[in-house]
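The values are calculated or read from the model by the stated rules, or taken from the named source; none is laboratory data. In this text the structure is predicted, and so the values were computed from the model without any measurement. Here the Cβ positions follow ideal geometry from the backbone for every residue, glycine too, while neighbour counts run over all protein chains shown.
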Amino acid sequence: MSCLFQWMFFLLGFFGFDEFGVDERLWNGLRKGRGSEQDNAHHDADKNRDHRRNEHRQGMSRHYTVGVKILSRRFQRLVSVVSASEEIDKFRKVITMGSMSLSDIPQEQDGHLDRYLHHLLVERGCSSHTIDSYNRDLRRFLNFLATVRGKCFTHADREDILGFLEALRERGLSAPTIARCMTAIRGFVRFAVAQGVLAADPTFNLQISPGRHALPTFLSMEEVCQLLNISKGMGPVAERDDAMIELLYATGMRVSELVTLEQLALNLELGYLIATGKGSKQRVIPMGEVALEKVKGYLERARPHLLGTARSGLLFLTRQGRGVTRQAFWRLLRRHAKAAGIHRPIWPHAIRHSFATHLLAGGADLRIVQSLLGHADISTTQVYTHIERGHLKHLHRTLHPRG
């Protein structure tokens, strides 16, 4: 019991009387009660000791109850402030379509959307980037229904969806972006049908052209060698950059997988790592000897200096001991590529495309490349075979005497 009182005295003394709404009479009462508890140890056992102790315990119990209630009310106020702040931040993120604000979305429709996004996060295991994209696309759609069509989501039909897609085309959005919006709408509608919100699926048998996808951009083997062999400078940051770029090409990871890679995901003895991709799916990827040696050197020499007194489980860190962001890695990759003499635009995904293209050019099996890249559908991996065929045709036209 005395330990509890000591903690309560510490909290009240640290935050002050006004912070908890405690006046000095309550404080003096608590201190007086505590002092009387200590004085009781010096009283003679013959002078009604049991009676005094009972009265004292009852008084202290009342003071203790008041103190706990005050602390409880203070905690509830803090929780309320945090919740209100989160709600404010949520509604500050206003996405517009033309001159139409998302504040025009009815609250009921907003509730349907929140439940669907929660389903994607908890049950489907979608990443935060996927949920942000779906949230943006579906809010555009709901806003279009409310402001242009004057309809609620539960009364939307096939013509409304086609009208929304046509509005996106008129705004100049690309075919892949429109196809992504259609995918978000289709998933939202199917979820609403499964939940009994909609009686029928207006997207049934509704197909749109995804447009012509451009072939992935990749670096030649000579350009990759220039990028990997160029000196990144001296010091912990330079050694980190060198290890990150080498590991990205050696594994073909997505940049989001690279910057969120944890140190515990590495097996340096066997030379592989466990990458966590889309939908929290994990896959095992070998690192290769060169990348393994550079990662070991980074862990031994550079990472301790970058970590400092901070605590982080991420593999690659900044000078502040925090994780490297995707945007920061994009900037450092462009800087090193320019220093290596690569003047055309380059981005992290081009390194992933180069990894897959060079594997297939070396005779790797398509299924193996699919597994290393973490593609759920092999048709996604097949695009690299078109790149390689184009490269072979170019070589044939250039080198064959009758090409």
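Scanning for something touching a strand residue (DSSP E or B) at 6+ places or on another chain (Cβ under 9 Å) and either outside any loop (DSSP other than H, G, I, E, B) or modelled with pLDDT of 85 or more (or both), does region 119-137 turn up at least one residue? Within region 119-137, not a single residue is touching a strand residue (DSSP E or B) at 6+ places or on another chain (Cβ under 9 Å) and either outside any loop (DSSP other than H, G, I, E, B) or modelled with pLDDT of 85 or more (or both). In the set (1) within 30 Å of residue 153 (Cα to Cα); (2) modelled with pLDDT of 90 or more, residue 206 fails one condition alone, (2).
Considering only region 138-159, state which residues are assigned to a helix (DSSP H, G or I) and either aliphatic (A, V, I, L, M) or surrounded by 19 or more Cβ atoms within 10 Å (Cβ to Cβ) (or both). Hits for region 138-159 are 138, 139, 140, 141, 142, 143, 144, 145, 146, 148, 153. Taking region 285-372 as the region of interest, the helices (runs of 4 or more DSSP H) fully inside it that hold 2 or more residues being touching a Pro at 6+ places or on another chain (Cβ under 8 Å) are 303-307, 326-339, 348-361. When restricted to residues that are polar (S, T, N, Q) and surrounded by fewer than 16 Cβ atoms within 10 Å (Cβ to Cβ), region 108-137 contains 1. Is one or more of the residues making up region 297-320 charged (D, E, K, R), surrounded by 14 or more Cβ atoms within 10 Å (Cβ to Cβ) and more than 21 Å from the chain's Cα centre (by Cα)? Yes, the conditions are met somewhere in region 297-320. Taking region 164-202 as the range and being among the charged types (D, E, K, R) and either crowded, with 19+ Cβ neighbours inside 10 Å or in contact (Cβ under 8 Å) with a residue 60 or more places away in the chain (or both) as the test, only 171 passes.
Reported count of residues in region 239-276, each being small (Gly, Ala, Ser), farther than 15 Å from residue 348 by Cβ and more than 22 Å from the chain's Cα centre (by Cα), is 1. Selection over region 219-263 of residues that are buried (at least 21 other Cβ atoms within 10 Å of the Cβ) and on the phi > 0 side of the Ramachandran plot gives a count of 1. Here residue 357 does not qualify as more than 18 Å from residue 221 (Cβ to Cβ), crowded, with 16+ Cβ neighbours inside 10 Å and either modelled with pLDDT under 90 or among the polar types (S, T, N, Q) (or both).
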